[in-house]
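The values are calculated or read from the model by the stated rules, or taken from the named source; none is laboratory data. Because the structure is predicted, anything quoted here is derived from the model rather than measured. Here Cβ is always computed from backbone atoms with ideal geometry, including for glycine, and neighbour counts include all displayed protein chains.
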Amino acid sequence: MSNRVKKVNVAVIGASGYVGAELVGLLCQHDDIALQHLVVSENSTSCGKTFSELHPRWQGVCDVPLQSFSQHWFTQVTAADTKKPIEVVFFATPHEFSAEWASAFIEKGIKVFDLSGGFRLKNPSNYPQYYGFEHQDTHALLQAQYGLAEWQANEIATANLIAIPGCYPTASLLALKPITFNQLHLDNSLIVVNGISGVSGAGRTVSLATNFNEVSLTPYNILQHRHQPEISQEAQTEVIFNPHLAPYKRGLLVTITLQLKAEVTLEQINDVYNQAYQHHPLVRFSKTWPKIDHVAYTPFADLFWQYDQQKQTLVVSCAIDNLLKGAASQAIQCFNISLGLPSSYALLPSLRVKAVENSDVQ
């Protein structure tokens with residue numbers, strides 16, 4: 001375990017969904033966390049049940065009762081005389097909820113890690129088009145820090161509101177940013193991101209469109225998916241994003257095609273990827289095209305690229321688990337960064353050992 005004396009008091013709002021369940025499981029494994037409150041929406045039928053009743057694989061690990069969110073609950077848990085004050089809250093909620101409530105928690109001195117899309121896009125005018133609501137908290141939107149853990153650790157460390165990236169953007173940006181950050185791509189050229197994800201990416205709510213027996217491999221929301229402006233924003237270049245839904249449970253894969261400047265060599269490409277991720281154990285370089293089975297149920301991102309220098313064309317693939325690296329485990333990475341821990345702490349067993357060794361040396 002780490003050398004912290006006092007555990008951080010944490011609440012999770014939205015603990016009943018797929019992402020919320022993965023997040024709670026990871027929080028239960030983290031020895032710097034005291035999980036104080038698991039919260040569901042005000043009208044949820046899950047209220048009063050234990051977390052393990054809803055998600056039986058956590059029976060005996062997390063039998064905490066699910067509470068209903070309300071103004072009264074918020075007032076109680078943030079009162080000055082509360083015995084175990086919340087220090088951190090994770091939102092695994094609808095986008096509108098986090099956009100409405102993030103500032104209320106921050107004003108009480110509570111750090112917010114938002115796994116929804118409520119603060120991912122910096123331009124408030126994008127929210128009606130891509131998320132279907134007007135963003136009212138433009139001040140918080142300006143203060144929010146995008147939380148791509150491998151790239152923005154310094155900013156995450158000091159932020160009070162961290163917007164955890166979407167699942168497709170996480171894979172896309174891990175693949176793209178070494179190239180675009182170093183400006184190896186051809187200016188104004190077409191960058192195409194093709195993505196494929198399992199049905200858990202659509203959430204736990206029942207829908208005929210995502211019913212396993214109804215799903216066939218199909219593209220959806222072409223040229224209008226909410227993750228397209230997010231990828232473009234953080235890659236700092238325009239992309240075309242083509243998402244696909246496939247009949248399997250979890251995991252996603254993106255394959256990106258882009259043109260590079262004429263003088264770029266394979267050696268340069270290898271160098272920028274090595275420099276970007278040599279100190280980040282959750283990003284792995286595959287020896288061949290990555291497979292979803294190799295990353296499902298793990299916090300890893302697997303990368304592979306191939307370059308045709310004659311055509312100046314680079315193709316990069318990245319595979320992740322959409323619920324973990326694409327959501328819950330990346331939220332834990334950002335939390336770790338905020339505590340000054342290695343970002344992968346409690347996600348890889350070896351990092352627990354290293355943390356103890358480092359504390360013993362000091």
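In the condition set (1) touching a residue at least 24 places away in the same chain (Cβ under 8 Å); (2) outside any strand (DSSP E or B); (3) more than 30 Å from A175 (Cα to Cα), Q67 is compliant with all but (2). In segment 31-42, the residues that are crowded, with 20+ Cβ neighbours inside 10 Å form Cβ pairs under 6 Å with partners that are aromatic (F, W, Y), at six or more places apart or across chains, as follows: L38/F51; V39/F69. For segment 302-325, the condition holds for at least one residue, the condition being that it is part of a helix (DSSP H, G or I) and at pLDDT 95 or above.
Restricting attention to segment 70-91, the residues that are over 25 Å from K6 (Cα atoms) and part of a loop (DSSP other than H, G, I, E, B) add up to 1.
Taken over segment 233-282, the criterion of being among the charged types (D, E, K, R) and under 20 Å from the mean Cα position of the chain (by Cα) is satisfied by E234, K249, R250. For segment 68-103, taking the residues that are charged (D, E, K, R) and out of contact with any strand residue (DSSP E or B) (no Cβ under 8 Å at 6 or more places or on another chain), the one that is nearest to L161 (Cα to Cα) is identified as E100.
Every residue, every condition in (1) in contact (Cβ under 8 Å) with a residue 40 or more places away in the chain; (2) among the hydrophobic types (A, V, I, L, M, F, W, C), yes or no:
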site: F74; (1), (2): no, yes
site: V77; (1), (2): yes, yes
site: K84; (1), (2): yes, no
site: E100; (1), (2): no, no
site: I156; (1), (2): yes, yes
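Any residue in segment 174-182 that is farther than 16 Å from E234 by Cβ, in the same structural domain as W289 (by TED's automatic domain parsing), more than 14 Å from the chain's Cα centre (by Cα) and part of a loop (DSSP other than H, G, I, E, B)? The answer is no; no qualifying residue exists. For I292, the conditions (1) farther than 14 Å from C167 by Cβ; (2) out of contact with any His (no Cβ under 9 Å at 6 or more places or on another chain); (3) surrounded by 19 or more Cβ atoms within 10 Å (Cβ to Cβ) are fulfilled apart from (1). In the set (1) surrounded by 14 or more Cβ atoms within 10 Å (Cβ to Cβ); (2) among the polar types (S, T, N, Q); (3) at pLDDT below 90; (4) over 21 Å from F113 (Cβ atoms), the condition left unmet by T50 is number (3). If you check L314 against the conditions, is it touching a strand residue (DSSP E or B) at 6+ places or on another chain (Cβ under 6 Å), among the hydrophobic types (A, V, I, L, M, F, W, C), more than 25 Å from F91 (Cα to Cα) and buried (at least 16 other Cβ atoms within 10 Å of the Cβ)? The answer is yes for L314. One residue stands out among those in segment 185-217 that are within 21 Å of the chain's Cα centre (by Cα), part of a loop (DSSP other than H, G, I, E, B) and not polar (S, T, N, Q): the one that is modelled with the highest pLDDT, which is G198.
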